[in-house]
1. Considering the stretch 75-86 alone, what residues qualify as being closer than 15 Å to residue 123 by Cα and without any contact (Cβ under 8 Å) to a residue 60 or more places away in the chain?
2. Going by the conditions given, is residue 50 farther than 26 Å from residue 161 by Cα, of a type in the set (S, T, N, Q) and out of contact with any Phe, Trp or Tyr (no Cβ under 7 Å at 6 or more places or on another chain)?
3. State whether one or more residues within the stretch 15-26 are surrounded by 10 or more Cβ atoms within 10 Å (Cβ to Cβ), modelled with pLDDT under 90 and more than 26 Å from the chain's Cα centre (by Cα).
4. Name the residue that is farthest from the chain's Cα centre (by Cα), counting only residues in the stretch 38-87 that are buried (at least 19 other Cβ atoms within 10 Å of the Cβ) and β-branched (Val, Ile, Thr).
5. Could you please find all residues in the stretch 45-93 being modelled with pLDDT under 95, polar (S, T, N, Q) and on the phi < 0 side of the Ramachandran plot?
6. Which residue is nearest to residue 94 (Cα to Cα), if the candidates are limited to the stretch 134-155 and must be part of a loop (DSSP other than H, G, I, E, B) and in contact with a strand residue (DSSP E or B) (Cβ under 6 Å, 6 or more places away or on another chain)?
7. Look through the stretch 105-123, keep the residues that are touching a residue at least 40 places away in the same chain (Cβ under 8 Å) and of a type in the set (A, V, I, L, M), and return whichever of them is farthest from residue 157 (Cα to Cα).
Amino acid sequence: MAREDNRGGGRGRDENPEFADRLVAINRVSKTVKGGKRFGFAALVVVGDQRGRVGFGKGKAKEVPEAIRKATEQAKRSLIRVPLRDGRTLHHDTQGRHGAGKVVMRTATAGTGIIAGGPMRAVFEMLGVQDVVAKSLGSQNPYNMIRATIDGLKQEASPRQIAQRRGKKVADILKKPENEAAPETAEAAEA
């Protein structure tokens with residue numbers, strides 16, 4: 001009896017309050033058996049801390065709440081970290097693919113908001129992105145769209161990561177080459 005009292009009932013202490021979750025899709029499937037049909041449910045959930053970590057999961061069960069719980073647990077196990085510029089947008093434009101699904105994600109200026117459709121919007125909101133322009137090409141299946149979005153986000157790299165990989169300083173990576181700036185000043189001097 002004491003053990004039940006400590007649990008706190010339902011959604012309690014064992015769940016991490018730092019993660020937000022979003023139910024993207026729920027699908028009812030049926031299996032025809034001798035006595036009739038048996039129904040089951042499949043849930044697709046996106047989980048994130050809204051500070052650069054996001055993951056997705058799918059769960060199947062006979063009841064909807066159980067399917068959502070399984071999907072949420074799987075999503076928490078599959079979290080990835082994505083570097084964000086100023087904590088609000090992506091560092092660079094990127095593309096992601098999965099199967100027939102293809103997504104294009106572009107950085108955006110402050111105040112743009114999340115311009116993305118359905119499942120992609122859920123991923124960006126859980127990730128904590130505030131400004132992004134995204135387009136889904138090909139498959140409209142929510143599973144493939146989310147997988148393609150995650151694939152594109154895995155390719156995202158910050159200037160610090162690139163500098164570290166190349167053994168340079170961040171300032172060397174970000175500064176523009178001098179030979180590109182020279183022709184502009186030469187044209188201005190001729191005019």
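1. Keep residues of the stretch 75-86 that are closer than 15 Å to residue 123 by Cα, which gives 75-76, 78-84.
Of everything in the stretch 75-86, those that are closer than 15 Å to residue 123 by Cα and without any contact (Cβ under 8 Å) to a residue 60 or more places away in the chain turn out to be 75, 78, 79, 81, 84.
2. On the way: farther than 26 Å from residue 161 by Cα: no; of a type in the set (S, T, N, Q): yes; out of contact with any Phe, Trp or Tyr (no Cβ under 7 Å at 6 or more places or on another chain): yes.
Considered against the rule, which asks whether it is farther than 26 Å from residue 161 by Cα, of a type in the set (S, T, N, Q) and out of contact with any Phe, Trp or Tyr (no Cβ under 7 Å at 6 or more places or on another chain), residue 50 comes out as no.
3. Looking for residues that are surrounded by 10 or more Cβ atoms within 10 Å (Cβ to Cβ), modelled with pLDDT under 90 and more than 26 Å from the chain's Cα centre (by Cα), one finds none in the stretch 15-26, hence no.
4. Top of the filtered list is 68.
5. Scanning the stretch 45-93 gives 78, 89.
6. Here is the first cut: in the stretch 134-155, the ones part of a loop (DSSP other than H, G, I, E, B) are 139-141, 155.
Within this subset, residues satisfying the condition of being in contact with a strand residue (DSSP E or B) (Cβ under 6 Å, 6 or more places away or on another chain) are 139, 155.
Working: 139: 18, 155: 7 Å.
Only one residue fits best here, namely 155.
7. As a first pass, look at the stretch 105-123 and keep what is touching a residue at least 40 places away in the same chain (Cβ under 8 Å): 105, 118-119, 122-123.
Adding the requirement that they be of a type in the set (A, V, I, L, M) leaves 105, 122-123.
Numbers: 105: 14, 122: 21, 123: 18 Å.
The selected residue is 122.
The values are calculated or read from the model by the stated rules, or taken from the named source; none is laboratory data. Everything numeric in this text was worked out from a predicted model, so none of it was measured. Backbone-built Cβ (ideal geometry, glycine too); neighbour counts: all protein chains shown.
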